[in-house]
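Before any comments, here is the structure.
The values are calculated or read from the model by the stated rules, or taken from the named source; none is laboratory data. A quick note: this is a predicted structure, and the numbers were derived from the prediction, not measured. Cβ placement follows ideal geometry from the backbone for every residue including glycine, while neighbour counts extend to all protein chains displayed. Keep in mind that these areas ignore ligands, DNA and RNA; they rest on the heavy atoms of the full protein, side chains included. Shrake-Rupley method; radii C 1.70, N 1.55, O 1.52, S 1.80 Å.
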Amino acid sequence: MRVIILAAGQAVQLDGYNKLLIKDPESGESILDKYLEAFTGFHVTVVLGYRAINVMHEYPNLDYIYNSEWAVSNSSYSLSLALNQDPCFVINGDFLIEPELIEAMQNSDPDIIATLQKESRASNALNVSLDGDDVVDIYQGKLKEANDPEAIGIYKITSKEILETWRYNCVNHSDLYVGQNLISDSSHNLKSFDVSNFRVDEVNTPLDYLRILQNKTNP
């Protein structure tokens, strides 16, 4: 099975520092180190763009794809460069996670979206409409229902039909986030996977990292 790590963006709020190189205050490992540990035995493909050489220099033995259009495209274009019909995980390059999360997702349903109930969300967050655990819709903007969770940016897809549709949509709508191109309908049986019982620390801003530092100091 593959894992595709999406890390081509500029990370403007982090002054362009590639998120994969951010170190976990708890272990001292980088985000990429933690991914390689969590996805042991997977074929790892990393899609890079802005300051790609910083990661390539530190990890010269990985499989890389370079998104030369990183400045004018969104994560869907990055995914379109890497996605094929092989079952895979797709993960954004900004999470501090532990192997237990990936093990649990691996043992779950064939096609799942990691979701989390959040009180406060960014304006560009992707939300998920559910019927039980079934994903009915993935949308951006105002919540349709108060209990709709957020799609946080970790996906496991094994269905060839879903993978084909996902890649087609990413090619034709490269300006969107990958989750927006993952369509759910009666022929695409996607499930929600609640990650609230696992460590998923997203680092998008210095304040995110400061919060992790403070939690380490004051558990």
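State whether one or more residues within the range 30-52 are among the polar types (S, T, N, Q), farther than 24 Å from TYR177 by Cβ, open to solvent by 30 Å² or more (accessible area, probe 1.4 Å) and without any contact (Cβ under 8 Å) to a residue 24 or more places away in the chain.
Taking every residue of the range 30-52 in turn, none turns out to be among the polar types (S, T, N, Q), farther than 24 Å from TYR177 by Cβ, open to solvent by 30 Å² or more (accessible area, probe 1.4 Å) and without any contact (Cβ under 8 Å) to a residue 24 or more places away in the chain.
From SER174, SER129, grab the single residue that is part of a loop (DSSP other than H, G, I, E, B) and modelled with pLDDT under 95. Before you say what the answer is, go through the steps one by one.
Numbers: SER129 fails: part of a loop (DSSP other than H, G, I, E, B).
That would be SER174, the only listed residue that is part of a loop (DSSP other than H, G, I, E, B) and modelled with pLDDT under 95.
Applying the selection to the range 159-186, what residues are in contact with a strand residue (DSSP E or B) (Cβ under 8 Å, 6 or more places away or on another chain) and either among the small types (Gly, Ala, Ser) or closer than 21 Å to ILE97 by Cβ (or both)?
TYR177, VAL178, GLY179, LEU182, SER184
Do you know which of the residues in the range 122-138 that are in contact (Cβ under 8 Å) with a residue 40 or more places away in the chain and more than 16 Å from the chain's Cα centre (by Cα) is surrounded by the most Cβ atoms within 10 Å (Cβ to Cβ)?
VAL135
Quick one: which helices (runs of 4 or more DSSP H) lie wholly within the range 19-110 and hold at least 2 residues that are within 17 Å of LEU163 (Cβ to Cβ), touching a strand residue (DSSP E or B) at 6+ places or on another chain (Cβ under 9 Å) and β-branched (Val, Ile, Thr)?
Details: elements: 31-38, 52-58, 75-82, 99-106.
Per the criteria, no element qualifies.
With the requirement that a residue be surrounded by 15 or more Cβ atoms within 10 Å (Cβ to Cβ) and more than 17 Å from ALA82 (Cα to Cα), what does the range 57-69 give you?
Passing the criteria: only TYR59.
Could you pull out the residue among ILE183, ILE152 that is touching a Leu at 6+ places or on another chain (Cβ under 6 Å) and not in a helix (DSSP H, G or I)? It would help to see each step written out before you state the result.
Values: ILE183 fails: touching a Leu at 6+ places or on another chain (Cβ under 6 Å).
Criteria check complete, one pass: ILE152.
Quickly run through the range 78-90 and pick out the residues that are open to solvent by 40 Å² or more (accessible area, probe 1.4 Å) and more than 25 Å from SER30 (Cα to Cα). Before the answer, list the steps.
So in the range 78-90, the residues open to solvent by 40 Å² or more (accessible area, probe 1.4 Å) come out as 81, 84-87.
Selection gives ASN84, GLN85, ASP86, PRO87.
Can you work out which of the residues in the range 5-18 that are aliphatic (A, V, I, L, M) and in a loop (DSSP other than H, G, I, E, B) is nearest to LYS216 (Cα to Cα)?
Let us first name the residues in the range 5-18 that are aliphatic (A, V, I, L, M), namely 5-8, 11-12, 14.
Then keep just the ones that are in a loop (DSSP other than H, G, I, E, B); that gives 8, 11.
Values: ALA8: 29, ALA11: 24 Å.
Taking the candidates together, the pick is ALA11.
Keeping to the range 91-112, report how many residues are in contact with a Leu (Cβ under 6 Å, 6 or more places away or on another chain) and open to solvent by less than 10 Å² (accessible area, probe 1.4 Å). Give the steps one after another, and end with the answer.
We begin by selecting, within the range 91-112, every residue in contact with a Leu (Cβ under 6 Å, 6 or more places away or on another chain); these are 92-93, 111.
Cutting the leftovers down to open to solvent by less than 10 Å² (accessible area, probe 1.4 Å) gives us 93.
Residues in the range 91-112 being in contact with a Leu (Cβ under 6 Å, 6 or more places away or on another chain) and open to solvent by less than 10 Å² (accessible area, probe 1.4 Å): 1 in total.
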